[in-house]
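Asks: Questions regarding the structure given below will be posed in turn.
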Number of protein chains: 4
Amino acid sequence: MTEIRLGMVGGGQGAFIGAVHRIAARLDGEYRLVAGALSSTPEKAKASGAALGLDPARCYGDYREMAQREARRKDGVQAVAIVTPNHMHAGPAIEFLKRGIHVICDKPLTATMAEAKKLAKVAEASQALFILTHNYTGYPMVRQARAMVARGDLGRLRLVQVEYVQDWLTEAAEATGSKQAEWRTDPARSGAGGALGDIGTHAYNLAAFVSGMEPEALAADLAAMVPGRRLDDNAHVLLRYAGGAKGMLWASQVAPGNENGLRLRIYGEKGGLDWAQEDPNRLWFTAFGQPKQLLTRNGAGADPAGQRVSRVPGGHPEGYLEAFATIYSEAARAIRARDAGEAVPEEVVYPTLKDGLAGMRFVEACVQSAKRNAAWVTL
Amino acid sequence: MTEIRLGMVGGGQGAFIGAVHRIAARLDGEYRLVAGALSSTPEKAKASGAALGLDPARCYGDYREMAQREARRKDGVQAVAIVTPNHMHAGPAIEFLKRGIHVICDKPLTATMAEAKKLAKVAEASQALFILTHNYTGYPMVRQARAMVARGDLGRLRLVQVEYVQDWLTEAAEATGSKQAEWRTDPARSGAGGALGDIGTHAYNLAAFVSGMEPEALAADLAAMVPGRRLDDNAHVLLRYAGGAKGMLWASQVAPGNENGLRLRIYGEKGGLDWAQEDPNRLWFTAFGQPKQLLTRNGAGADPAGQRVSRVPGGHPEGYLEAFATIYSEAARAIRARDAGEAVPEEVVYPTLKDGLAGMRFVEACVQSAKRNAAWVTL
Amino acid sequence: MTEIRLGMVGGGQGAFIGAVHRIAARLDGEYRLVAGALSSTPEKAKASGAALGLDPARCYGDYREMAQREARRKDGVQAVAIVTPNHMHAGPAIEFLKRGIHVICDKPLTATMAEAKKLAKVAEASQALFILTHNYTGYPMVRQARAMVARGDLGRLRLVQVEYVQDWLTEAAEATGSKQAEWRTDPARSGAGGALGDIGTHAYNLAAFVSGMEPEALAADLAAMVPGRRLDDNAHVLLRYAGGAKGMLWASQVAPGNENGLRLRIYGEKGGLDWAQEDPNRLWFTAFGQPKQLLTRNGAGADPAGQRVSRVPGGHPEGYLEAFATIYSEAARAIRARDAGEAVPEEVVYPTLKDGLAGMRFVEACVQSAKRNAAWVTL
Amino acid sequence: MTEIRLGMVGGGQGAFIGAVHRIAARLDGEYRLVAGALSSTPEKAKASGAALGLDPARCYGDYREMAQREARRKDGVQAVAIVTPNHMHAGPAIEFLKRGIHVICDKPLTATMAEAKKLAKVAEASQALFILTHNYTGYPMVRQARAMVARGDLGRLRLVQVEYVQDWLTEAAEATGSKQAEWRTDPARSGAGGALGDIGTHAYNLAAFVSGMEPEALAADLAAMVPGRRLDDNAHVLLRYAGGAKGMLWASQVAPGNENGLRLRIYGEKGGLDWAQEDPNRLWFTAFGQPKQLLTRNGAGADPAGQRVSRVPGGHPEGYLEAFATIYSEAARAIRARDAGEAVPEEVVYPTLKDGLAGMRFVEACVQSAKRNAAWVTL
């Protein structure tokens, strides 16, 4: 198996998510990083590339230049990871997609719906694949939960309760030098959603992924709890689904005592599920009237949908990086199939443009609803 | 210390909550049950009284008769527990209050707001006390949480997330012979709220008790998930508080895998709290930027507010009955003070008419909001 | 139902376990405290009795006087609770048993094996019942665990792992005024075992109760970790059972971060169980090769053996006092049967002299083993 | 940074731990697998190498040949991972060490003490490093626990309670085709210890790593619970340390409901720690008399010793592979330093020959003790 040649846009020294993508790409041995436009500051781009052992000739200061040059090389990148702030997703994604280079892009899709639509057009016209790293869908027990819902273990769904709760923006970190906080609370770089875009989209995507349903309407009450903050840091959202199911979504970055508290509970006529990413190798399942079961990754009761993306035996925890790597490895399977002119195998699952657009619409609808005093907005 | 002579209305054979009240009343040795109108069916009233060892002469078939006769006895009841379905609270409460007999009443206050107001008038005019058994306020760690909020450990509050989740009405138990389900899903006996009245009022009261705040507006999306059910079995509620704090309340009786999942999380500018009644002897506290602490009842870091209503050392769990008993014992302290013509000691805390009226208003507002497509309703 | 007339020896003001026994006795309405020798200091005995509302004439300064006088009264005590330090169990127990008064005695049985044997002779000759308050056997999920083992859910047993871990003697509390610490670390009052007698006997009894097996040999390594302490505060014990099962028992009072960490794990050829008294309403069960189940008191999968000693629905926690009350209520059922000349119903279960003697032998064997460098001692 | 050229002995198709080592080696980008003697069956060696994308010329059927040839290549392997069954560790390790090629070897060190001593001589004489993959020492919170003990947060240690509990050998898997079970229960391939060698050594090593202490004596009761099994599947061990600390070690592979239940609790005069590998991102710490703290990886209260081997923010779980990768990455830091003729930086920590010998001695002593009816054996 030859590694897929990977490029990266963003992710230079000091960035957080770039390093995560690099580990995720190599964890299963599917990719090799060979080029990068790691920073828009040319010197930083060079230095960052050198630190990663990249050929200096393939350390670019500009993603357009990178796209042009790499597209011309015989050994040019086959795929590119885009790990810039939200407002810098569409630009590079379009450049690479236009040249038939597969794009693996961090979420949310873009900063604005206009950009999203532009990107969507290009992506749809391209032979190349577009993968969005909604990484939580890579957890084996999330895959199992989805399979259980799909095969009817819960019966017709009634309730979707999802939350993603953090505390790192409890104080005005954006005013005291945190780069991560600065761009995430800046509408120009993040878009219209703060916590909404950063983590609300993850919660929304996870709920949709597992339940197999998108809500048809929502009502949102948004708040910037920290004085002076320009984007929401707390979002309370009610959800309504076709067929009568309902839900609640809570995203917060101002809840002290919470690190990355992403939790999904789904209930149907016949049973319920409960999963939390801080304890990701376990999945609670209750068939109504039966004892609660604690299902474990690769343990008794494990579903093939989770086992095929699992690496080590039950009881040996897999974590965030493994789930992220699964997105990359599923993408690799799709890329190899696509490049070989074959259909992507049915069991291969990864978030796509469609998920990205749904996330953008979710943020947009929340913002609209909030402006209208939490009135219902159709999705 | 002489036991307070207690009567009971409702709670005959087959009832659930009556037995709970009786244990709660005697657990701390403060009361002795001496009379009852345990059932509206005279034979059942007699039989139930006999099983409890009551004097047959004081086993009444009718609460009015009981109120009249007991009021005339020298050794008549000093207090009465009302443990009937909601629509049967106001009637007996009024009869006893009018005669200066203290009333300890199950929640919610009444089935309708009209009854509630009528009862309120009588209660306000009476020398006797009115105690509402919002029993969860009796848990020591709930008392501690309240004290911590009050003294500013969390700073100014921002978020109140409360939920009370059950699964016992996942199927139409009211159609298959469950007495408990029948009256709770019957608007004539329960009032306008189903899950809302039964457990939503507990969640609402708990949030208010600990936070020290009542919301100023709410928006509610109610559902009867089970076909044919006449009252809500799931309630999604958004809350807004004066000063900008916000909240979510979720009450459900159709979430498989949940027994009595009452959980309260409160977050402020400086810290957060997390408490769940299924693990009631523990309270999570995080001061922002500090390690999470697991506070235990009577353990290190225990607050006097919780310790004064605690009976056994830390690590020996106290539970539901103890918390319920605390309501009774706090009431006993108040009753003894009142009967002695003294002020009720400041540290004695119990839910009153005011809490009952707030609960009624909460249900009413939710129902109004739901009818208007979850529009905001001022409280 | 008439309450059983109960007396108490020990348990005056300032004592801990006496108050627990009193709550336990009245929780289910089965007993009424009517007399006491609450302290060996006559004034304290009087004052303590007055605080409990006892008839001054029945507040005795001496248990012998109490036994004599109460035995002569028509309305004398039918049963007596003995809640003194260990070295004061045998004396009063013998006095009351000799007079046909049932004895409910705190554990361990006595301070010395000699006393234990003397007491045993009297008890065996008496018409009265002897009940030992190994209270943890009163937890519903402990009852369920026992039933599951008995009916073979675990198959032939292989492993018994039990521990009771506290931290309150981490420092020399006996030297700084703690009455509880003083007598528990004093060989004259506690007997040969420190942590062993105080909590090790509970762990030992729980393991025997659930497993249905007594070990045939043990090897013990005892330590007094705190300088100057005269009795063990930590016990490491290996267990061997007939048929090849093995076990470990750990009792400690010097493990910071532990309050009352009594935990029992039992494994057999077909499955395993895990129960902890700090979370007593839940019981983990795994049938080998099947998903883990979390069984709850009165929840799905609840066994009648636990349900018959359970008071409130699943999800409403019952705790230490309820379990303690179950010992009293089981005793009441036995006492009523005995006094009516009937057989004690088969389902009624409570710890007896036999358990007390086994506990004494356990402590004795541990001490012997420890003196011989943890050599094996046959039980 | 150039990747270290890595070879592998063992780990062909169907093996478990080989794949783990490969992921661990590449996770941090420190190694590149370039050669292997992946199986002793030449065809399987070739096929396994091909599946991993190795140059066919560097897929060897014999580790001796591999050592000889690779040592002669300019681009030969700089380090080799040995992932064969225990009895096949010493042979290849010696061959590579003799040629100055660093060895990263799975645990336990060897199958017999004789082999271990032979290997030790060679290793001590070699310029090359010898790293033993006691992978649990790579967990950040294990590193933090060690740092906390070392700096005195617990005071003088008193108790070490460690257990590693599994259930996968509850039935005779070795008789029904499990390759993993076959060699682990075969004295010829595993050595004298079954569960002892496989997981007991991990527990022992973890306890030593965190506590900073090796016991001076132990007493062990070993059992083969499954009929016909030739090695222990359950080990009960008492530990004694210089200075009076004591401990218990339990290793079992026959405890249904346990997957990889490695847990360490350490208690001292001033505080206690509790860590479990199935929830590895959290560490309980209690300073005596203070509230329990739940420390999280990279969260508030995180120690630099854990943070320097941590990759993602708190709340994003890292797991087994990350901890394993840390062993590889620490080894890489040491290898780079050694190859550059520099001292290994002080903060770099990894298990060495010394740990391997201690583990061998632990197994040997347990077996000796067990043969002498669990008598004490000096270490």
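Asks: Could you work out the mean count of beta carbons from other protein chains within 10 Å of each residue's beta carbon in B:293-302?
Replies: Across the residues of B:293-302, the mean count of other-chain Cβ atoms within 10 Å is 5.
Asks: With axes computed from alpha carbons, what is the tilt in degrees of helix B:201-211 against the longest principal axis of chain B, rounded to the nearest 10 within 0 to 90?
Replies: 60
Asks: Let me ask you something else. Dipole size in debye (nearest 20) for region B:1-159 around its Cα centre, Lys and Arg Cβ +1, Asp and Glu Cβ -1?
Replies: Result for region B:1-159 is approximately 380 debye, rounded to the nearest 20.
Asks: Turning to a different aspect of this structure: Can you give the local net charge around B:GLY193? Use residues other than it whose beta-carbon is closer than 11 angstrom to its beta-carbon, Lys and Arg +1, Asp and Glu -1.
Replies: Here the charged neighbours net out to -3.
Asks: For chain A, find the longest principal axis of its Cα atoms and tell me its angle to the long axis of helix A:42-51, 0 to 90°, nearest 10.
Replies: 80
Asks: Suppose we consider the axis relating copy C to copy B; can you name the residue of C with the nearest Cβ and state that distance in angstrom as an integer?
Replies: C:GLY319, 2
Asks: Rank these for me by crowding, D:TRP250, C:TRP183, going from fewest to most other beta carbons within 10 Å.
Replies: C:TRP183, D:TRP250
Asks: Let me ask something else. Need one number: % antiparallel among DSSP beta bridges in chain B, to the nearest 5.
Replies: Close to 60 percent.
Asks: Decide, for chain D, between rounded, prolate and oblate: order the square roots of the alpha carbon gyration tensor eigenvalues as a ≥ b ≥ c, take rounded if a/c falls under 1.5, and otherwise choose prolate if a/b is larger than b/c, else oblate.
Replies: Here chain D falls in the oblate category.
Asks: May I ask for the angle, rounded to the nearest 10°, between helix B:140-150 and the longest principal axis of chain B, with both axes built from Cα atoms and the value confined to 0 to 90°?
Replies: 50
Asks: Further, regarding this structure: Around C:LEU264, under 11 Å between beta carbons, what's the net of Lys plus Arg minus Asp minus Glu among the other residues?
Replies: Within the 11 Å Cβ shell, the charges total +1.
Asks: To one decimal in nm, how far is A:GLN13 from the same spot in the other copies, if labels go 7 Å from Cα toward Cβ? Please give the shortest first.
Replies: 4.6, 7.4, 8.4
Asks: Please work out the C-alpha center-to-center distance from region A:121-168 to region C:101-131 and express it in whole Å.
Replies: About 65 Å separates the Cα centre of region A:121-168 from the one of region C:101-131.
Asks: Which order do the peptides C:196-207, B:71-82, D:161-172 come out in when sorted by mean C-beta neighbours inside 10 angstrom, highest first?
Replies: Descending mean neighbour count gives C:196-207, D:161-172, B:71-82.
Asks: Would you kindly work out, in nm and rounded to one decimal, the distances from the label point of B:ASN373 to those of the same position in each other copy, ordered shortest first, with label points 7 Å along Cα-to-Cβ?
Replies: Those separations, rounded to one decimal, come out as 1.3, 8.6, 8.6 nm.
Asks: Could you run the Karplus curve 6.51 cos²θ - 1.76 cosθ + 1.60 with θ = phi - 60° over region D:94-107 and give me ³J(HN,Hα) per residue in whole Hz, x for Gly and Pro?
Replies: Result, ordered by residue: 5, 4, 6, 4, 4, 9, x, 9, 4, 10, 10, 10, 5, 9 Hz.
Asks: Local charge sum around A:PRO291 (other residues, Cβ-Cβ under 11 Å, Lys/Arg +1, Asp/Glu -1)?
Replies: Once all neighbours under 11 Å are counted, the net charge is +3.
Asks: Next question. Which whole-Hz couplings ³J(HN,Hα) result when phi for each residue of region A:321-330 is put into the Karplus expression 6.51 cos²θ - 1.76 cosθ + 1.60, θ = phi - 60°, listed in order with x for Gly and Pro?
Replies: 5, 5, 5, 5, 4, 5, 4, 5, 6, 5
Asks: Using helices alone, what [θ] at 222 nm do you get for the protein assembly as shown, with -39,500 (n - 2.57) per DSSP H run of 4 or more residues, divided over all residues and rounded to the nearest 500?
Replies: The helix-only estimate for the protein assembly as shown comes to -10000 deg cm²/dmol at 222 nm.
Asks: Here is a follow-up. Can you list, shortest first and in nm, the gaps between the label point of B:GLY243 and those of its counterparts in the other copies, using a point 7 Å from Cα in the C-beta direction?
Replies: 4.4, 5.0, 6.3
Asks: Moving to a separate point now. Charges at C-beta only: +1 for Lys and Arg, -1 for Asp and Glu. How large is the resulting dipole of the protein assembly as shown about its Cα centre, in Debye rounded to 20?
Replies: Around 0 debye, computed over the protein assembly as shown.
Asks: Hey, what did chain D get for relative contact order, percent, Cα under 8 Å, at least 6 apart?
Replies: 19
Asks: What nm distance separates the two modelled labels at C:LYS371 and B:LEU379, each placed 7 Å from Cα along Cα→Cβ?
Replies: Distance between the two pseudo-spin positions: 6.8 nm.
Asks: Rank C:ILE82, C:PHE16, C:CYS59 by how far each Cα sits towards the positive end of the charge dipole of region C:4-128 (+1 on Lys, Arg Cβ; -1 on Asp, Glu Cβ) and give me just the farthest.
Replies: Positive-most Cα among the choices belongs to C:CYS59.
Asks: Using the Karplus curve 6.51 cos²θ - 1.76 cosθ + 1.60 with θ = phi - 60°, what ³J(HN,Hα) values do you get for each residue of region C:364-370, in whole Hz, with x for Gly and Pro?
Replies: Along region C:364-370, the couplings run 4, 5, 4, 5, 4, 4, 4 Hz.
Asks: For A:LYS107, list long-range residues whose amide hydrogen, built 1.01 Å from N in the peptide plane, is under 5 Å from its own amide hydrogen.
Replies: Counting only residues 5 or more places away or on other chains, the set is A:THR133.
Asks: Follow-up. Can you tell me which of D:136-148, C:11-23 comes out highest on packing, and rank the rest after it, using the mean Cβ neighbours within 10 Å?
Replies: Per-residue Cβ counts within 10 Å, averaged per peptide and sorted highest first, yield D:136-148, C:11-23.
Asks: Right, another one. Give the long-range amide H neighbours of B:GLU278: residues separated by 5 or more places, or on another chain, with amide H under 5 Å away, using H modelled in the peptide plane at 1.01 Å from N.
Replies: Residues meeting the criterion, in which the H sits 1.01 Å from N, are B:LEU262.
Asks: Using the beta-carbon distance between D:LYS117 and D:THR41 and R0 = 25 Å, what value does 1/(1 + (r/R0)^6) give for FRET efficiency, to the nearest 0.05?
Replies: Using R0 = 25 Å, I get an efficiency of 0.25.
Asks: Where both partners of a DSSP beta bridge lie in the protein assembly as shown, what percent of those bridges are antiparallel, to the nearest 5?
Replies: Roughly 60 percent of the DSSP beta bridges within the protein assembly as shown come out antiparallel.
Rule-based calculations on the coordinates, nothing more; no lab input. Fair warning: this is a prediction, and the values are worked out from it, not measured in the lab. Glycine gets a Cβ as well: all are built from the backbone with ideal geometry, and neighbour counts include every protein chain shown.
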